[in-house]
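Nothing in this text is a laboratory measurement; each read-out follows from the coordinates by a stated rule. This is a predicted model, so every value here is computed, not measured. FYI the Cβ positions are ideal-geometry reconstructions off the backbone, even for glycines, and counts take in every protein chain you see.
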Amino acid sequence: MLAIRQFARSASLQTILINFVRGAQTAAAISRNKDYAEIEVRDVAYFRDILGDRGVITDPDALQTLNKDWMGKYEGKSQLALKPQTAEQVSQILKHCNERQLAVVPQGGNTGLVGGSVPLFDEVVLATAAMNKVISFDPILGVLSCQSGCVLEQLDNHVGEQGHTMPLDLGAKGSCQIGGNVSTNAGGLRYLRYGSMHGNVTGLEVVLADGTILDLMSTLHKDNTGYDMKQMFIGAEGTLGIITKVAIQCPAKPSSVQVSYLAVPTFQHAQKVFQKAKQHLGEILSAFEFLDHHSLIITLKNLSFIKNPLPDTQTPIYLVVETSGSNAEHDYAKLEKFLEEAYEEEIIVDGTIAQDSGQQASIWALRENISEGLRHAGAVYKYDLSLPPNDMYKLVEETRARMKHLPVTVVGYGHMGDSNLHLNISAAKYDKEILSYIEPFVYEWTADKKGSISAEHGLGQMKPECIGYSKSAEAVQLMRRFKSLLDPNQILNPYKVLPEKNRNYKPHKHEHATAVTH
Amino acid sequence: MKVLVAVKRVIDYNARIRVKTDQTGVELANVKMSMNPFCEIAVEEALRLKEQKVAKEVVVVTVGPKSSQDTIRTALAMGADRGAHILTDTPLLPLNVAKLLAAVVMKESASLCLLGKQAIDDDCNQTGQMLAALLKWPQATFASKVEIDKAAQKARVTREVDGGLQTLLCGLPAVITTDLRLNQPRYATLPNIMKAKKKPIEVLTPEGLGVSLIDGYKRIKVEEPAKRKGGVMVASVAELMDKLKNEAKVL
C-alpha cells in the first residue's frame with residue numbers, strides 16, 4: 001500500500017525523461033505523455049479482483065526483469081504488471097485502462113530487439129505468459145489453435161508429435177511466444193521455405209483497446225468474405241490490439257533434413273552459390289544463411305560451447321545451407337551433387353555436410369548464437385535491413401571502413417535467401433561518438449537503395465522516427481488514422497512504431513517522397 | 001600398423017523412437033539413421049593415430065544389409081582409407097558380429113582394432129570384449145585416452161570405470177573400445193567427401209569368410225516402457241506414511 005502511494009507521488013512530481021537516441025534525430029528526449037493517468041490504489045484493487053493475487057505483480061524485483069529488454073539496452077519504470085489467463089480478463093483490463101487512460105504495454109517472451117515489449121515510463125505491463133494453453137491441433141488440416149502466450153519451441157514439440165512443424169524458427173524459440181511472433185510478423189530462419197506470418201496465420205482473437213473481443217479465429221485456408229482484418233494486427237507490434245489467440249497453418253514435418261556449412265571466397269561467390277542452390281535444390285531448400293568471418297570469431301570467442309565446423313579453413317564468408325524433404329537418399333544425393341559442382345567450379349572453397357543430428361545442431365548453434373555472442377562481447381548496435389542482394393555486404397564493408405579508427409568490430413550476417421542483412425557493431429559500451437558514425441549513415445544508405453530499415457525486427461521504440469526512410473508520408477498518415485480508429489485514447493503500446501506527433505521526422509527524399517511535418 | 005575400425009549404422013540418437021504397432025520392433029521407415037556415436041569416436045581416434053604416423057592405414061568395417069554401406073561412406077569421408085562391408089540380413093547379435101570381425105582382422109592382418117564401447121540401439125557393450133576373446137588379444141574398454149608406443153608395441157589406455165579412471169598398459173595387437181570423452185569427431189569436409197566416392201569398399205559374406213552364424217535368440221515382443229505416472233502432493237507425514245504403506249506397498 002505504502003509503496004504505491006510513494007510511486008504515485010514521485011511519478012506526478014517528475015516528468016520522467018529518458019534520453020535515448022532515435023533514428024535521425026539524435027539525443028532528443030521523449031517525455032512521458034501527460035495525458036496518461038497514473039496507477040492508483042483503486043486500479044490495483046480492481047485488477048486484483050479480476051486476476052487474483054497471482055495475476056498482479058508489484059514486487060520491484062519481479063518487475064525489474066519485465067522492465068528490461070533482452071539486450072539490456074532499454075529499461076522502463078513500470079510499477080505494475082498483470083498476468084491474465086483468458087481473453088475475458090484481458091478485455092476487462094483494457095476496458096478499465098481505456099476508461100482511466102492508463103497506458104499498457106503488451107509483453108510476450110520479451111525477446112524483441114527494438115525495445116517494443118518494454119515500457120518507457122510507468123505503462124502497465126500486460127504479460128501474456130499465463131495464456132499458454134494449446135486449444136487444438138488438426139493433423140489433417142494442419143492448423144494449430146492456441147493461446148497467444150504459448151512458447152514457440154513448445155508448440156513446435158507439440159505439433160512435432162503429430163508429424164508437423166511450426167512454420168517459423170528463430171534463435172529465441174525457447175522463450176518467444178507465438179502472440180509476439182505474430183505481432184512482430186517474425187521472420188526467422190525458415191522464412192525462405194515457409195513464408196511470412198501474413199500467409200501462415202489463418203485466424204486471430206484480438207482484444208481491442210476498449211475491451212472488445214474481436215473474434216477472427218478461423219482454421220480455414222480460404223475465406224474471401226470481406227476485408228481480411230487480421231492482417232492489420234500481424235506486425236502491428238501490439239499497437240492496434242492485444243492478440244489473445246492464434247490459429248496458424250503448420251506444414252508437414254520434413255523427414256529428411258540435411259545441413260551443410262560452406263566456406264566461400266567472397267560475397268559475390270556466395271550469391272552464385274545461392275543461384276546454384278535454387279537450381280539444384282529448389283523445392284527442398286529450406287534455409288540459406290550467411291555469416292562473415294568476424295561474426296564467426298566473435299561468437300567462438302565469447303561462447304565456449306560453439307564449435308568451428310571448418311577449423312582448418314578461413315574465408316571471408318560462410319554459408320549455412322539446409323534442405324528439408326521427404327526422402328533422405330534423394331536429398332543427400334541432390335545436396336552432394338550441388339556441392340561437388342560448386343566445389344569444382346571453385347565458387348566454394350571448402351564445406352562440410354553434417355553426418356548426424358549432432359553435427360546439424362552444432363552448425364545451427366553457430367548461426368543462431370551470433371546474437372548471443374555479440375551480447376557477451378559488450379554493447380551492440382543492431383541493424384536489420386532488407387537490401388538488394390548485390391548491395392548487402394557492401395554496406396558492411398563501407399561501415400567497417402568508416403569506423404576503422406574506432407574501437408569497434410563490425411560484423412555482418414543474416415538471411416541471405418531473403419536479402420536480409422543483420423549489420424551489428426560491437427563496442428565495449430554504448431557511446432554517442434560511435435553512434436554518430438553509424439546513424440544516419442546506415443539508414444540513408446539503405447533508403448538510397450530502396451531497402452527497408454527494419455526487415456523483420458520491427459520499429460519498437462528504437463526506430464519510429466526512421467519510418468520515413470522506408471514508407472511515404474501518405475502511408476504513415478493512413479497508419480495514424482487506423483491507430484486513431486482502433487485506439488482513440490492511444491493506450492496500447494505508446495511511443496512505439498509510429499513517430500510521436502509532435503516530433504519532426506524527416507522522411508528520406510527519394511523520387512516519390514514529399515517533405516512532411518506532422 | 002594397420003588399424004581396423006568397426007562401425008554400426010543405428011537410428012540417429014536424436015530421433016524419436018516409436019514402437020511398431022505389431023510390437024515386433026521399432027519403426028525404421030523414414031527414420032534418420034547415422035553412425036553410432038561411439039563408433040564415430042573410434043574412427044576419429046584411428047584417424048588421429050594415422051596423423052601421428054602411428055597407423056599406416058585405417059580400414060573401416062561394418063556388418064549388415066546393403067544400407068549399412070552409408071556408414072562406411074561416412075567413415076571414408078572423415079578420412080578412412082578403405083572399407084569392408086560384410087553383407088548379411090541376419091540380426092546383428094554381438095557374438096556373430098565378433099566372429100565376423102575376427103575373420104576380417106585375420107584377413108587384413110590388422111594390429112589394432114577400435115570399436116565403440118556399445119551401440120545405442122541395443123546397448124549390449126559385448127562385441128569388443130567378445131572379439132578380443134576370440135582373437136586371444138588383450139582388451140582395453142571404455143577408453144578415454146589412448147597412447148600407442150609403436151616401438152615398444154604397447155598401448156597405454158586410460159579407462160573410465162565406476163570408481164574413476166584406470167590406466168592399463170597392454171601389448172599390441174589389442175582391441176580398444178571407445179568411450180564418450182576420448183575425442184570429438186571431426187566434420188567430414190567436402191574434398192574428403194568427394195575423395196570418399198573413389199575409395200574401395202570390399203563386399204564380403206559370412207560364407208566367404210568361413211564363419212557360421214548362430215541363431216541364438218528369438219525376439220518375442222517389443223513394447224514402450226510404461227508411462228511415468230505423475231507425482232502426488234501429500235499434506236502431511238502421516239499421509240505420506242499411509243501412501244507408502246498401503247498404496248505403493250514399499251513399507
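This ranking places B:Y13, A:Y318 by how few other beta-carbon atoms lie within 10 Å of each, fewest first, which gives B:Y13, A:Y318.
Would you list B:M194, B:M106 from fewest to most Cβ contacts within 10 Å?
Working: B:M194 15, B:M106 12.
Final ranking by Cβ density, sparse to dense: B:M106, B:M194.
Take every DSSP beta bridge whose two residues both sit in the protein assembly as shown; close to 70 percent of them are antiparallel.
The angle between the Cα long axis of helix A:473-486 and the main principal axis of chain A comes to about 50°, on a 0 to 90 degree scale. When the charge dipole of the protein assembly as shown is built from unit charges on Cβ atoms (+1 for Lys and Arg, -1 for Asp and Glu) and taken about the Cα centre, the candidate among A:A252, A:Q268, B:V146 whose Cα reaches farthest toward its positive end is B:V146.
Shown in residue order for the stretch A:119-133 are the 3J(HN,Hα) couplings computed by the Karplus curve 6.51 cos²θ - 1.76 cosθ + 1.60 at θ = phi - 60°: x, 9, 10, 9, 4, 6, 8, 10, 8, 8, 4, 7, 9, 10, 9 Hz (x for Gly and Pro). Note on B:S236 and B:N125: with the Förster distance fixed at 60 Å, the Cβ-Cβ geometry gives a FRET efficiency of about 0.85. Close amide H pairs (under 5 Å, H built 1.01 Å from N) link A:G351 with A:A263, B:L190, residues at least 5 positions away or on another chain.
Measuring between their Cα centroids, the stretch A:319-394 and the stretch A:68-97 lie 38 Å from each other.
Of all aspartates and glutamates in the structure, those lying under 16 Å Cα to Cα from B:K53, and not within fewer than 8 positions of it along the same chain, are B:E44, B:E45, B:D81, B:E147, B:D149. In a reduced charge model with +1 at each Lys and Arg Cβ and -1 at each Asp and Glu Cβ, chain A shows a dipole moment near 1540 debye about its Cα centre.
Under the combined filter of DSSP loop state and at most 16 neighbouring Cβ atoms within 10 Å, the stretch A:283-356 retains these GluC sites (Glu not before Pro): A:E345, A:E346.
Electrostatic tally near A:C176: other residues with Cβ closer than 11 Å to its Cβ, Lys and Arg +1, Asp and Glu -1, net -1.
For chain B, the longest principal axis of the Cα atoms and the long axis of helix B:37-51 meet at an angle of about 30 degrees.
Could you check what % of the DSSP bridge pairs in the stretch B:1-142 are antiparallel, to the nearest 5? If we restrict to bridges inside the stretch B:1-142, about 20 percent are antiparallel.
Remark: the A:N33-A:D61 segment gains 7.5 nm on full extension, using 0.36 nm per residue and subtracting the alpha carbon distance.
Return the subset of B:K99/B:K227; A:K253/A:K471; B:K32/B:K136; B:K66/B:K99; A:K173/A:K429; A:K307/A:K432 for which the Cα-Cα distance in this structure is over 30 Å, preserving the input order. Don't skip to the end; give the middle numbers.
Working: B:K99/B:K227 38 Å; A:K253/A:K471 37 Å; B:K32/B:K136 37 Å; B:K66/B:K99 20 Å; A:K173/A:K429 27 Å; A:K307/A:K432 35 Å.
Violating the 30 Å limit, Cα to Cα: B:K99/B:K227; A:K253/A:K471; B:K32/B:K136; A:K307/A:K432.
The stretch B:181-226 and the stretch B:108-168 have their alpha-carbon centroids 18 Å apart. Taking every residue in B:182-192 and counting other chain Cβ atoms within 10 Å of its Cβ, the average works out to 6. Simple spin-label estimate for B:D22 and B:E51 gives 4.7 nm between the two label positions (7 Å along the Cα-to-Cβ direction from each Cα).
Under the criterion of Cα pairs below 8 Å and six or more residues apart, the relative contact order for chain A equals 15 percent. Sorting A:F305, A:F121, A:F290 by the number of Cβ atoms found within 10 Å of their own Cβ, with the fewest placed first, yields A:F305, A:F121, A:F290. Measure nothing but the geometry: give the 0 to 90° angle between the long axis through the Cα atoms of A:2-13 and the longest principal axis through the Cα atoms of chain A, rounded to 10°. Taking Cα atoms only, the helix is inclined about 90 degrees.
Grab the other residues whose beta carbon is less than 12 angstrom from that of B:V104, score K and R as +1, D and E as -1, and report the net. It works out to a net charge of +2. All other residues whose Cβ lies under 11 angstrom from that of A:P316 are scored, Lys and Arg at +1 and Asp and Glu at -1, for a net of -2. Can you run phi through the Karplus equation (6.51, -1.76, 1.60; θ = phi - 60°) for the stretch A:151-158 and list ³J(HN,Hα) in whole Hz, with x for Gly and Pro? Rounded to whole hertz, the list is 6, 3, 5, 5, 5, 5, 5, 4.
Rounded to the nearest 20, the Cβ-based charge dipole of the stretch A:38-194 about its Cα centre (Lys and Arg +1, Asp and Glu -1) stands at 280 debye. Taking θ as phi - 60° and the Karplus parameters 6.51, -1.76 and 1.60, the scalar couplings of the stretch A:296-310 work out to 4, 4, 5, 6, 4, 5, 9, 10, 6, 8, 8, 9, 8, x, 10 Hz in sequence order, x denoting glycine and proline. Within the same chain, aspartates and glutamates fewer than 8 places from A:K77 are excluded, and of the rest, those with a Cα less than 15 Å from its Cα are A:E38, A:D59, A:D61, A:D69, A:D122, A:E123. By the rule of a C-alpha distance below 12 Å, with chain neighbours fewer than 8 residues away ignored, the aspartates and glutamates paired with A:K501 are A:E465.
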